[in-house]
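One structure below.
The values are calculated or read from the model by the stated rules, or taken from the named source; none is laboratory data. What you see is a predicted model, and the numbers here were worked out from it, not measured in a lab. Cβ atoms come from the backbone with ideal geometry, glycine included; neighbour counts cover every protein chain shown.
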Amino acid sequence: MKKLILAAVTVASAASVFAQGTVIFNNRLGGTSHVYSGGSAQVQGNTASDNPAGSTVYGAGYTLVGTVGGLAASSTFAQLLAAPGQNAAESSLQPSGQTTVFRTGAGAGNIVQITDTLGNIPKDAAFASFEMVAWDNSSGLYPTWTQAAPAVLAGLIMGGHSAEFTVASIGGDVNTPPNLVGLTSFNIFTPIPEPTSAALLGLGAAAMLIFRRRK
């Protein structure tokens, strides 16, 4: 998660007017995956009912996004992070393309499909690496992942990301936009903020005082 936060706030130097590849942004085509909310840590992987089937279990406390009683579909946002090539370093993945929201009812846990134009992937690229991110924007303050990422890291809002995957034959002048084959299920959650160095020093000083008083 921390690598993705850092990537989100880094200027995407690879982006250019020539990088306009396209994909179909949907997590129920080319395979079926879902996004859950809940838990206290990142969970990634398909369940037995996904396609392809996996062994990951999202048990008690996990709710499909868009389910009644869970995160609202219309205010939970999703976006793709991308980098050129296969198996790119996670730190190189950049917010790329447009955001979308989630569906309700039988489509809970799935996003509203869009044809996503990627700002840092060339047309007809042989391969590109991706992760899908999702976050709670019920406050309206975080319309993009670049804005949401620091808030997720601070524990202010729920967020999460899929495992990385590679897609072949990116859309352009020759290729039609491909489905996101390889995208798997994941959850969004509220991370526990990492204590800063100053906070750690403060805790250490407090512990020393307590120890001395007990002597």
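Among the residues of region 35-71, those identified as among the hydrophobic types (A, V, I, L, M, F, W, C), in a loop (DSSP other than H, G, I, E, B) and within 17 Å of the chain's Cα centre (by Cα) are A41, V43, V65, L71. Among the conditions (1) modelled with pLDDT of 95 or more; (2) part of a loop (DSSP other than H, G, I, E, B), A78 misses just one, which is (2).
Could you tell me whether A89 is more than 15 Å from the chain's Cα centre (by Cα), more than 30 Å from S49 (Cβ to Cβ) and surrounded by fewer than 16 Cβ atoms within 10 Å (Cβ to Cβ)?
Details: more than 15 Å from the chain's Cα centre (by Cα): yes; more than 30 Å from S49 (Cβ to Cβ): yes; surrounded by fewer than 16 Cβ atoms within 10 Å (Cβ to Cβ): yes.
The answer is yes for A89.
Evaluate the following for G155: is it buried (at least 24 other Cβ atoms within 10 Å of the Cβ) and under 18 Å from V43 (Cα atoms)? No: the conditions fail for G155. Pairing residues of region 51-70 that are in contact (Cβ under 8 Å) with a residue 24 or more places away in the chain with residues that are of a type in the set (D, E, K, R) and not in a loop (DSSP other than H, G, I, E, B), at Cβ distances under 8 Å and at least 6 apart in sequence or on separate chains, gives G66/R103.
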